[in-house]
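Since the structure comes first, as structure tokens, the remarks are kept for the end.
The values are calculated or read from the model by the stated rules, or taken from the named source; none is laboratory data. Keep in mind it's a predicted model, so treat the numbers as computed, not measured. Glycine also receives a Cβ, built like all others from the backbone with ideal geometry; neighbour counts cover every protein chain displayed. Keep in mind that these areas ignore ligands, DNA and RNA; they rest on the heavy atoms of the full protein, side chains included. Shrake-Rupley method; radii C 1.70, N 1.55, O 1.52, S 1.80 Å.
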Amino acid sequence: MNCEAIGELLPDYLQGRLNPDLAGEVEKHLSGCPVCGEEAALWKNLALLPEEQPSPALQSRFKAMLESYQEGRWEKSSLTAEKNKSSMPMLWGLGNWRQMPIAGVVWACVFLLCGFLIGRQMQRPVQTAEDPRIDALRTEVASMRQMVALSMLQQQSASQRLEGVSWSTRLQQPDPKVLDALFHTLRFDNSVDVRLASLDALSRYAGQPEVRRELVSALQEKQSPLVQIGLIDLLVDVHDRNAVPQLKRFQQDPKIDPNVRKHVDWGIDQLN
Amino acid sequence: MSDEELMAQVRSGVGEMLGVLFERYHVPLFNFYRKLTGDRGVSEDLVQEVFFRILKYRHSYRMDTSFRAWMYQIARNARLDYLRKHRSEVSWEPEMSPAMAPVDTAQQSQEAVLLHAALMRISEEKREVLVLSRFQDLKYEEIAQLLGCEVNTVKTRVHRALQELRQVFHQLESGKPQGR
């Protein structure tokens, strides 16, 4: 047998799956042919590579995940009990919010509970506003709003994503992550409604130069004409002169809608 | 209890059983990723991701199918998603870092070090098929199912992978520093 024929048999030979006759033939060839022999030897020598052990952290991360899964299920059936347990799923959600479709629900529940606690705190007459616990709760609520907004923006249904956008508007100082998620929604969401809503939400932060820069670059020929017009209006509203070069470029694009082109002309006029 | 029975329990909501599957498979999965990516940290993250997905998609597991095949399918997808997300950071990774030797280099023979370096340098596609067939003990039929190709294609790829490994190994060997 020549090398080509051996090459076809070799993989089966290496996994010990040839009948003795054929295996014998292969072996005869391997002992006489240095190239094929070396290939077979390399396969065997791969066993020299040690099996490595992961760090113990992997084990503990897994345990934490499993526990929070089990607690999460348990929590649904008895929501009001043991509020201190709720901190685990929160930590977990921080790392994995993208992958968690039920995160929105869990977050909403945790949030409700905190709202309730804050309400109770506020009603105590002699408590002063400086109470550090209230501050801590406030920060927690803010970060929860953010998480809820982020996880809702990942939902399958457009109405839930819309809700996610509206959650984001309740944040006084949005985190870069939320802004990123909103921009991602603005560019890529399947639904025009959700994209328009995210544009509306972003308009609140158009005072920030980096937000404006992103808005300018979001003006693309592939966008729906409605979003394009919304973007142009917003850029005119905030009077962003830096947008003019991009608007001019955009105006030259042969593929844009004629009505949009008229609007671009108007926008450039306004900005100049 | 077999993997499939354990997974059936996980599917019906007995989360603890995933712990048994974790004990059985976290080291092989870690080594699978370790040999594919060359990076311990990334490998651990990916193993965690696999078990997370097993839990998340437990209802999509079909009772009459092999758990291992299903798990490796998830493992592969997790890695592809990771590559997609980190494309710019990963592009330099395995092929261009010949110096990437395992941590306990000192205890290993020179040959193992070279072999590891050579494995890291062959093309991604060939490395994957080699790792699956040699280290994960998957049969060619299982690999074919996993990759969505013919069994013969897998065998051809294994052979080509060995050919390439041999060439790279020789290059490294002839260029190795003297005195060892």
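Ignore the peptide's own chain and count Cβ atoms of other chains within 10 Å of each Cβ in A:7-13; give me the average, rounded.
The shielding value for this peptide is 5.
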message = If you average the alpha carbon positions of the range A:3-62 and of the range A:193-229, how far apart do those two centres end up, in angstrom?
response = 56
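Counting only protein heavy atoms and using a 1.4 Å probe, what share of the accessible area of chain A belongs to carbon plus sulfur, as a whole percent?
Taking all protein chains in place, chain A shows 54 percent carbon and sulfur surface.
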ask   = Once you average over the residues of A:50-59, how many Cβ atoms of partner chains fall within 10 Å of each Cβ?
value = 6
query = Going through the range A:116-217, which GluC sites (Glu not before Pro) have at most 11 other Cβ atoms within 10 Å and a DSSP loop state?
reply = A:Glu130
task = Quantify how strongly other chains surround peptide B:163-170 by giving the mean number of their Cβ atoms within 10 Å of each of its Cβ atoms.
result = 3
inquiry  = Compute the angle between helix B:124-134 and the longest alpha-carbon principal axis of chain B, please, reported from 0 to 90 degrees and rounded to the nearest 10.
reply    = 70
task = Quick one: accessible surface of B:His59, probe radius 1.4 Å, all protein chains present, in square angstrom to the nearest 10.
result = 110
Average Cα contact separation per residue, the range A:202-272, under 8 Å, 6 or more apart, as relative contact order % = 35
request  = Measure nothing fancy, just the Cα-based angle from helix A:103-123's long axis to the longest principal axis of chain A, in degrees from 0 to 90, nearest 10.
outcome  = 40
Pairs of Lys in chain A closer than 27 Å at Cα, counting only those 8 or more apart or on different chains = 11
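Counting only protein chains, not ligands or nucleic acids, how are B:Thr156, A:Thr139, A:Thr185 ordered by accessible area (probe 1.4 Å), most first?
Result of the area sort, largest leading: A:Thr139, B:Thr156, A:Thr185.
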message = With an 8 Å Cα cut-off and a minimum separation of 6 or more residues, compute the relative contact order for the range A:116-272 in percent.
response = 14
message = Over chain A, with a Gaussian network built from C-alpha contacts below 10 Å, which listed residue (A:Asp135, A:Asp240, A:Asp21) shows the highest mean-square fluctuation?
response = A:Asp21
inquiry  = Report the Rg/Rh value for the protein assembly as shown, based on alpha-carbon coordinates and the Kirkwood definition of Rh.
reply    = 1.08
message = Only Cα pairs within less than 10 Å get springs; with that Gaussian network setup on chain A, which residue of A:Met122, A:Met152, A:Met65 has the largest fluctuation?
response = A:Met122
note = With every protein chain in place, the accessible area of A:His184 for a 1.4 Å probe, in Å² rounded to the nearest 10, comes to 110
ask   = By how many degrees, 0 to 90 and rounded to 10, does the Cα axis of helix A:158-168 deviate from the longest principal axis of chain A?
value = 60
request  = Note down the relative contact order for the range B:3-53 as a percent, whole number, built from C-alpha pairs under 8 angstrom at least six residues apart.
outcome  = 24
message = Only Cα pairs within less than 10 Å get springs; with that Gaussian network setup on chain A, which residue of A:Ala23, A:Ala158, A:Ala136 has the largest fluctuation?
response = A:Ala23
